1. If residue 107 meets every condition in (1) modelled with pLDDT of 95 or more; (2) in contact with a strand residue (DSSP E or B) (Cβ under 8 Å, 6 or more places away or on another chain) apart from one, which number is that one?
2. Quick one: residue 198 ticks every box in (1) more than 16 Å from the chain's Cα centre (by Cα); (2) within 17 Å of residue 107 (Cα to Cα); (3) hydrophobic (A, V, I, L, M, F, W, C) except a single one, so which number is it?
3. Can you list residue pairs whose Cβ atoms sit under 6 Å apart, with the first residue in segment 1-20 being at pLDDT 85 or above and the second being in a helix (DSSP H, G or I) and open to solvent by 80 Å² or more (accessible area, probe 1.4 Å)? Count only pairs 6 or more apart in sequence or on different chains.
4. Quick one: which helices (runs of 4 or more DSSP H) lie wholly within segment 267-356 and hold at least 2 residues that are of a type in the set (Gly, Ala, Ser) and open to solvent by less than 20 Å² (accessible area, probe 1.4 Å)?
5. Output the residues belonging to segment 55-78 that are among the acidic types (Asp, Glu) and open to solvent by 60 Å² or more (accessible area, probe 1.4 Å).
6. Just give me the residues in segment 71-126 being within 20 Å of residue 151 (Cα to Cα) and among the aliphatic types (A, V, I, L, M), in sequence order.
7. For residue 52, all conditions in the list (1) open to solvent by less than 80 Å² (accessible area, probe 1.4 Å); (2) more than 17 Å from residue 194 (Cα to Cα); (3) among the polar types (S, T, N, Q) hold save one; what is the number of the exception?
8. Give segment 244-266 a look and list any residue that's open to solvent by 70 Å² or more (accessible area, probe 1.4 Å) and touching a residue at least 60 places away in the same chain (Cβ under 8 Å), or say none.
Amino acid sequence: MTAVLITIGVIAVFAFIESLFAIGIMADSNASLKKKQEKYSIVIAARNEESSIEVCIASLLKQSMPPLAIIVVDDHSDDKTLNIVRAFSAENPLVVVLSCDADETGKRAAILKGVCAAETDIILTTDADCVARRDWAATMMSKFGENKKLISGPVITKTKVFQNPGEYAESLFLMATGAGAASQGLMFQASGANMIFLKIDFVDFYKSDSGAGFSCGDDVFFLQYIQKKYGRKASGFCCNAGAVVETQPSAGMKPWILQRVRWAAKSRGYSDILPFLTGTLVALSNIALVAALIMFLLLPELRFFIIPGILLKIMGDVLVLFSAAFSWNAPVRIISFFLLPVLYPLFLMTVGIAMM
């Protein structure tokens, strides 16, 4: 009985936290926006993105608040990416194309090259496989100001009715968890695919060599640098639907899992304890769910206590997913939303095995 109470207790605590996250996401998504007319540049690092870069740039050229420049830095692509960007640049002076030198390799170096080339103090970044909504820049700018040195926004994986439902739900859950924590003043997650910051801060961050030993993760390392320099309140998350960018799904299950492995591996370089606390809570809640399912089978006399715990775990996750989907005008996938809490422990176990 003690084990059952502990298991249900862990689930209940996490479900309560998820309810706070859901409330925070919905409240922030309805917050009023302050229109600003400030000059900014968009910086994109691109490597072998011939299938998506054209749509990406087209969405940026349609922004309701146009940028001073869209700077695309080619990171040694061996496909048609560079030619496509050059064609855009020849037709539209807003599009500036740069190429990494031989000694400049990787997204970190490409972003720095673009940031340094920008003529504005304010920088917006996105990825070459992303599509921004028309009010993306204006919405992100509305949250950016003297007291906010870095703002990140929602990045949603593209999906269709029968396409990548698992990846869509899982990535939405991760993004919503980070957004919910940020709504409570505990921001620990940021995405370079949707971020606004000051040019000088990124240059100083690069000089600090924070996270330089990792092939990915500059976004989170940069977030932690900003929080250490200015305080935790200097960062924020924009939950308004206009701030959403959509990204391409993984090519399959294996690339999806390997991406999560890379994300988990870079956590070794984190200096903030919040990502570890959040990850621990998520892991414990999923372990508790597995334990509850096992107890359901082995202890039929206690099912009266166990069933509500299992339902509480499912409803907590689903609440976060629905709050994010409704707040960000994202597709609602009812079946995958309800299946994710049950199948997520298996996915986490697969990622863990892949890491080893």
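1. (1)
2. Residue 198 satisfies all of (1) more than 16 Å from the chain's Cα centre (by Cα); (2) within 17 Å of residue 107 (Cα to Cα); (3) hydrophobic (A, V, I, L, M, F, W, C) except (2).
3. So the pair list comes out as 10/284.
4. 274-298, 303-327
5. 78
6. Once the filter is applied, which keeps residues that are within 20 Å of residue 151 (Cα to Cα) and among the aliphatic types (A, V, I, L, M), segment 71-126 yields 71, 111, 112, 115, 118, 122, 123, 124.
7. (2)
8. 248, 258
The values are calculated or read from the model by the stated rules, or taken from the named source; none is laboratory data. Remember, it's a predicted structure, so these values are computed and weren't measured experimentally. Positions of Cβ are backbone-derived with ideal geometry, glycine not excepted, and every protein chain shown enters the neighbour counts. With ligands, DNA and RNA removed, areas are computed over all heavy atoms of the protein, side chains included. Shrake-Rupley method; radii C 1.70, N 1.55, O 1.52, S 1.80 Å.
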